[in-house]
Amino acid sequence: MRILVDTSSILFGFENKKSVFESIYDGLAGYEPEVSKGIINELNRISDRRSKKGLAASAALSEISAKKVKISNISDYPDSWIAREARLHPEIAVVTNDTRLARSIRGVMVFKMSRDGILKRFVARK
């Protein structure tokens, strides 16, 4: 099954010396991580910065390539891509550390990456 990975969780993981992709492979058997070209573009822009986020983005791009993470050929804004895919394919799951995005997604499982590299199910409070 597909699990869409948002830029926020990728960067959060690498900033804390954890890989969201490893967390998916280790903790969510049967799920295959997927990112979009929009996310790759966003990581490329961030990797140009001389900052912790820039280093995290560079490491993420290397790991996406090394692990042959599936890249959707969609260049849309990442949040729009994730929201649309969640609406069209209720069987997918999403990993995001963007609380606003997590709250806006309905009908699919949403996970957040913890500092210790564990994916925790997000439940929106009313």
* Structure fact -> Picked from region 67-121 (must be of a type in the set (K, R) and in a helix (DSSP H, G or I)), the residue nearest to E15 (Cα to Cα) is R100
* Asked: Taking interchain pairs and intrachain pairs at least six residues apart, which have beta carbon atoms under 7 angstrom, with the first residue in region 4-23 and farther than 14 Å from S114 by Cβ and the second in a loop (DSSP other than H, G, I, E, B)?
  -> L4/I92; D6/T96; D6/D98; F21/K67; F21/V69
* Please name all residue pairs, on different chains or six or more residues apart, with Cβ atoms under 7 Å, provided the first residue is in region 44-65 and is in a helix (DSSP H, G or I) and the second residue is of a type in the set (D, E, K, R). => I46/K53; K52/E15; K53/E15; G54/D48; A56/E15
* To do: May I ask you to list the residues in region 76-105 that are of a type in the set (A, V, I, L, M, F, W, C), free of Cβ contacts under 8 Å to residues at least 40 places away in the same chain, surrounded by 13 or more Cβ atoms within 10 Å (Cβ to Cβ) and farther than 21 Å from S19 by Cβ?
  => A83, I105
* Asked: Of these, G27, G107, G54, which one is over 14 Å from V5 (Cα atoms) and touching a Pro at 6+ places or on another chain (Cβ under 7 Å)?
  -> G107
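Laboratory data are not the source of any read-out in this text; all were calculated from the coordinates shown. Model, not experiment: these values are computed from the prediction. Positions of Cβ are generated from backbone atoms using ideal geometry, with glycine treated the same way; all protein chains shown enter the neighbour counts.
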